[in-house]
Amino acid sequence: MFKKVLIANRSEIALRIIRACKELGVATVAVHSEADSESLHVRFADEAVCIGPAASAESYLDPRRIIAAAEITGADAIHPGYGFLAENAEFAEMCLDSGIKFIGPTPDMIRQMGNKAKAKELMINAGVPVVPGSEGVLSNSDEGLKLAEEIGYPVILKAVSGGGGRGMRIVNNSEEFEMNYQMAQAEAQGAFGDPDMYLEKYILNPRHIEIQLMADQYGNAVYLGERECSIQRRHQKLLEESPSSVVDENLRRKMGAVSVEGALKIGYEGAGTIEFLLDSDHNFYFMEMNTRIQVEHPVTEMVSNQDLLKDQIRVAAGEKLGYTQENIRLEGHAIECRINAEDGERNFMPSPGEIKSFNVPGGPGIRVDTHAYGHYHIPPYYDSLVAKLITYGKTREEALARMNRALDEFIIEGIKTTIPFHKKLIAHPDFISGNFDTGFLDRVDLTK
Ligand code: MV4
């Protein structure tokens, strides 16, 4: 096992990693910007290093500062959390070159999955179903147009270096193909410095279902069920749950089995997630693979009774997984609401500032992952997640009832949060009945 892990992140996920390390008997090093001196991850880690000013580019996103902090403190591993450097292949490479274990898959794996056309090719070869479309990158718009005519409209153009909804364009007919292709390319070049595009059949109103994987370095891998992530706004997830009300045991076994086979075929190691689109006929298609621990991992922890962070750290240290698929029993239902410092009534405008009072809900079936506390100042420089409120129940109904009362108990004064939004969301008849897809929040107006 590692002796000392440096956490290259902030906020609730930094705390979550520290908690896992403490339970494993591993020492921890926090890094923080000048804006985060009062953050809880600094307090709870065994050591802390200030790595620079508030701007992420000069602190949490600067590989050299992070590696230097690890070398100075003698950390033998770095956990990147999510966001920041978590899926940066160059950073993972720098860790490797410095003799520090990057807690995640190899730099090559991260690089390949970062190229969405390459990722798709790998998955096709590993027997994972994908959306019909181009075989890799389009050479030019004519090739795309020809393929679109064959597949049939609508189609979607995606940036090879995109992901998470950036650099995409839906094309409804041949007349608008050329213009959309040019605009998508220009956008991709500007955002990612890479104009390469690929094309897919556009699936109308899909669900976003993802499979959680855990793999060790010895060819053992398991899936830990799915997460339903269709409740999102502008590609920002707001609520996740497990299981999904549209995934039955048969579909779960199928999606899980192809995901595990896919991961084993490509030699994946660590925690990973395969994102699928699920159409209205329950066909599923590979979309992207995330090579990090994700924000919404707690709902999987609740229903699988596994500690994903500890497992991720253990397998990174070279331990065997220690359990098989047969040992995994998925039980009950978990829901996570992302409590952001945003004004749900004002277009989710950021609302940083001092939290005047903070009361965390409790009682049966409640978990709160947060770095916030009374009189904590939410800095304006980073993402707006204040807390993850996770509820667990024997059934979805019980988890929802607990979420409803937990949202009432959660008092955050001084800033605007998404708590009022979530109260309305979980009261919506279509949410309650499970009748929703990725277009749900575009169609309903919950601000009323
Ligand atoms: C799609 C799609 C429909 N058809 N691809 C959005 C995020 C990026 N990872 C891919 N995305 C989509 N790809 C095909 N072929 C619809 C989306 C999509 C979406 C996917 C997941 C969650 C929310 C979404 C919202 C709008 C569009």
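The values are calculated or read from the model by the stated rules, or taken from the named source; none is laboratory data. Everything numeric in this text was worked out from a predicted model, so none of it was measured. Here the Cβ is made from the backbone with ideal geometry for all residues, glycine too, and neighbour counts use every protein chain on show. These accessible areas exclude ligands, DNA and RNA; they are computed on the full protein's heavy atoms, side chains included. Shrake-Rupley method; radii C 1.70, N 1.55, O 1.52, S 1.80 Å.
Below, the figures for the structure above:
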{"read-out": "Identity of the residue in the stretch 150-196, of a type in the set (D, E) and loosely packed, with under 12 Cβ neighbours inside 10 Å, that ends up nearest to the ligand (Cβ to nearest atom)", "value": "E150"}
{"read-out": "Among the candidates R19, R65, residue that is modelled with pLDDT of 95 or more and closer than 22 Å to P298 by Cα", "value": "R19"}
{"read-out": "First in the stretch 278-299 and within 11 Å of the ligand (Cβ to nearest atom), second anywhere and in a loop (DSSP other than H, G, I, E, B) and open to solvent by 30 Å² or more (accessible area, probe 1.4 Å), Cβ under 7 Å, 6 or more apart", "value": "L278/V246; Y285/P129; F286/P129"}
{"read-out": "Flag if K265 is more than 25 Å from T395 (Cβ to Cβ) and more than 16 Å from the ligand (Cβ to nearest atom)", "value": "yes"}
{"read-out": "Subset of the stretch 20-61 that is of a type in the set (D, E) and within 22 Å of Y373 (Cα to Cα) - its residue that is least open to solvent (accessible area, probe 1.4 Å)", "value": "D36"}
{"read-out": "Filter result (open to solvent by less than 50 Å² (accessible area, probe 1.4 Å) and part of a loop (DSSP other than H, G, I, E, B)) within the stretch 342-375", "value": "G344, F348, S351, I355, P361, G362, G365, H371, A372, G374"}
{"read-out": "Residue list for the stretch 228-246, filter: part of a strand (DSSP E or B) and either away from the ligand (no atom under 12 Å from the Cβ) or at positive phi (or both)", "value": "L239, E241, S242"}
{"read-out": "Test: G83 is within 27 Å of E12 (Cβ to Cβ) and in contact with a strand residue (DSSP E or B) (Cβ under 8 Å, 6 or more places away or on another chain)", "value": "no"}
{"read-out": "Number of the condition not met by G190 [criteria: (1) assigned to a loop (DSSP other than H, G, I, E, B); (2) at pLDDT below 95]", "value": "(1)"}
{"read-out": "Residues (open to solvent by 20 Å² or more (accessible area, probe 1.4 Å) and small (G, A, S)) located in the stretch 123-135", "value": "G127, G133"}
{"read-out": "Residue, surrounded by the fewest Cβ atoms within 10 Å (Cβ to Cβ), within the stretch 393-448, restricted to residues that are within 16 Å of the ligand (Cβ to nearest atom) and in a loop (DSSP other than H, G, I, E, B)", "value": "G439"}
{"read-out": "Unmet criterion (only one of (1) closer than 16 Å to V247 by Cβ; (2) away from the ligand (no atom under 14 Å from the Cβ); (3) open to solvent by less than 10 Å² (accessible area, probe 1.4 Å)) for T273", "value": "(2)"}
{"read-out": "Output for the stretch 234-291, where each listed residue is under 13 Å from the mean Cα position of the chain (by Cα) and basic (K, R)", "value": "K237"}
{"read-out": "Cross-chain or 6+ apart pairs with Cβ under 6 Å, the stretch 115-137 first and part of a helix (DSSP H, G or I), then open to solvent by 50 Å² or more (accessible area, probe 1.4 Å)", "value": "A117/V137; K118/Q112"}
